[in-house]
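In what follows, a single structure is set out as structure tokens and then discussed.
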Amino acid sequence: GNKTFNCKEFSRNKKMAVSRCIAALAVCIACTSAFDNMENMDAIESFIAPNKTTQRRSIEKANAPPFQGSLKGTFVAACVADSGTWFGSADMFNLSMSFASTYTPMDETDDEFEIDYTQYYNKDCNPGDEERNVFARFHVKGTWQNHGLNPLASANKAFANAIKAEWVPQNSTFFFPRTKNAEMQAKITLVVRELNQKCSCGQHWVAGKLMTFHKGSCKLQPGGSYPFFCHIADGSQSFGNYKWVGSEDNGYSYQSSPIDFYENQGYSNPPSSVLRYRVPSTGARNPEACDLLLYYSCQDPVEHSAEYCRGCSTALECSGCVYRNEDTDLSQDSTWAKCCPCNWQYASTNSVYDFMKVPC
């Protein structure tokens with residue numbers, strides 16, 4: 001053009017011009033590489049406008065569909081004090097309840113579940129001496145299905161992210177102890193009497209004996225009015241909802257609704273239980289891994305659990321008891337996972353502590 005090239009000016013600005021060229025080239029290379037490797041524009045956008053990227057990702061996460069993963073693993077809830085009871089209509093008080101469950105994938109349609117409920121005649125889920133502390137034990141195995149997002153999720157906040165599910169008990173066991181505690185024994189007698197009146201299920205409900213039932217044992221009449229556990233013993237289909245809680249998309253904890261034996265009623269119950277936390281499973285169960293340093297940091301929680309949980313019965317009840325005692329705040333990092341080898345080492349010291357061989 002008409003502008004004269006000024007060699008002196010170029011010389012003065014030469015270093016600046018070269019620096020700008022190098023910087024521009026670096027940007028081009030970074031953008032091209034990110035595009036080739038990421039197969040999307042996230043890396044380029046974050047390089048050019050990081051604030052915009054963060055904002056967009058937040059919007060995408062907020063608009064993402066709720067996590068609908070099926071239950072899988074072992075779950076334990078905190079002890080529920082003053083829980084009342086599901087067994088009959090007797091006036092109950094001063095009871096606490098523990099919960100533990102496992103969910104195992106089985107095939108394309110059905111998965112297996114196992115649930116343990118134990119009610120204690122105290123406020124802290126202390127198994128202790130069975131004749132003094134245990135009010136009732138209930139254990140059930142069966143199949144279950146995830147039926148997807150509840151349509152009520154878009155109509156009522158109480159059902160946000162709620163997933164419909166169906167449980168079918170196949171086998172169940174119940175146990176009511178014989179106790180020298182007159183007050184507790186009177187309440188157990190009332191519960192057993194009501195179960196015998198409403199559903200003998202081919203045998204006589206008694207205290208002090210493990211009662212085992214299979215699907216169809218009770219031959220309940222359609223539309224009849226029965227206590228809750230008559231349905232469980234008979235293997236009645238049950239319906240309810242559950243939802244994952246928190247931001248952990250791997251299903252760290254969930255809530256469940258009360259179940260019902262009629263489909264619409266069951267799916268109309270919002271998830272409301274205490275949180276049920278997935279138990280960490282490290283597989284680190286080698287007693288020899290509990291060296292002096294690890295034992296020194298784990299000694300107190302391990303020894304306390306070994307004595308506190310000695311009255312537990314089923315593997316699930318024992319696992320739940322040990323987990324609650326070693327991880328008093330179930331939402332935090334797991335002492336249970338760290339101290340797993342020491343639990344197994346302690347179990348080897350005496351056969352009465354075999355229950356310490358927990359699935360950690």
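The values are calculated or read from the model by the stated rules, or taken from the named source; none is laboratory data. In this text, all values refer to a predicted model and were calculated from it rather than measured experimentally. We place every Cβ from the backbone using ideal geometry, glycine too, and count neighbours over all the protein chains shown. All accessible areas refer to the heavy atoms of the entire protein, side chains included, with ligands and DNA or RNA removed. Shrake-Rupley method; radii C 1.70, N 1.55, O 1.52, S 1.80 Å.
Data table
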read-out	value
Residue that is modelled with the lowest pLDDT [pool: residues in the range 246-260 that are open to solvent by less than 60 Å² (accessible area, probe 1.4 Å) and closer than 17 Å to LYS164 by Cα]	GLY251
The range 289-313, residues that are of a type in the set (Ser, Thr, Tyr), under 25 Å from the mean Cα position of the chain (by Cα) and either surrounded by fewer than 16 Cβ atoms within 10 Å (Cβ to Cβ) or within 16 Å of THR328 (Cα to Cα) (or both)	SER305, TYR308
So THR349, is it without any contact (Cβ under 8 Å) to a residue 24 or more places away in the chain and farther than 25 Å from ASN133 by Cα	yes
Whichever residue in the range 148-182 is surrounded by fewer than 15 Cβ atoms within 10 Å (Cβ to Cβ) and basic (Lys, Arg) and, among such residues, is nearest to ARG137 (Cα to Cα)	ARG178
From the options ARG310, ARG276, residue that is touching a strand residue (DSSP E or B) at 6+ places or on another chain (Cβ under 9 Å) and among the charged types (D, E, K, R)	ARG276
Residue check, PHE239 without any contact (Cβ under 8 Å) to a residue 60 or more places away in the chain, buried (at least 20 other Cβ atoms within 10 Å of the Cβ) and closer than 30 Å to ASN146 by Cβ	no
Selection count, the range 201-227, where residues are surrounded by 17 or more Cβ atoms within 10 Å (Cβ to Cβ) and over 22 Å from ALA136 (Cα atoms)	1
Within the range 267-288, considering residues that are open to solvent by 60 Å² or more (accessible area, probe 1.4 Å) and over 26 Å from ARG324 (Cβ atoms), the one modelled with the lowest pLDDT	GLU288
Flag if ILE232 is within 20 Å of ASN264 (Cα to Cα), open to solvent by less than 50 Å² (accessible area, probe 1.4 Å) and among the aliphatic types (A, V, I, L, M)	yes
Number of the exception - ILE115 against (1) of a type outside the set (Phe, Trp, Tyr); (2) more than 14 Å from LYS72 (Cα to Cα); (3) open to solvent by 10 Å² or more (accessible area, probe 1.4 Å); (4) modelled with pLDDT of 90 or more	(2)
Some residue of the range 219-226 being on the phi < 0 side of the Ramachandran plot, modelled with pLDDT under 95 and touching a helix residue (DSSP H, G or I) at 6+ places or on another chain (Cβ under 7 Å)	yes
Counted residues, the range 314-326 - those being buried (at least 23 other Cβ atoms within 10 Å of the Cβ) and in contact with a Ser or Thr (Cβ under 9 Å, 6 or more places away or on another chain)	9
Among (1) at pLDDT 95 or above; (2) in a loop (DSSP other than H, G, I, E, B); (3) open to solvent by 60 Å² or more (accessible area, probe 1.4 Å) - the single one ASN264 does not satisfy	(2)
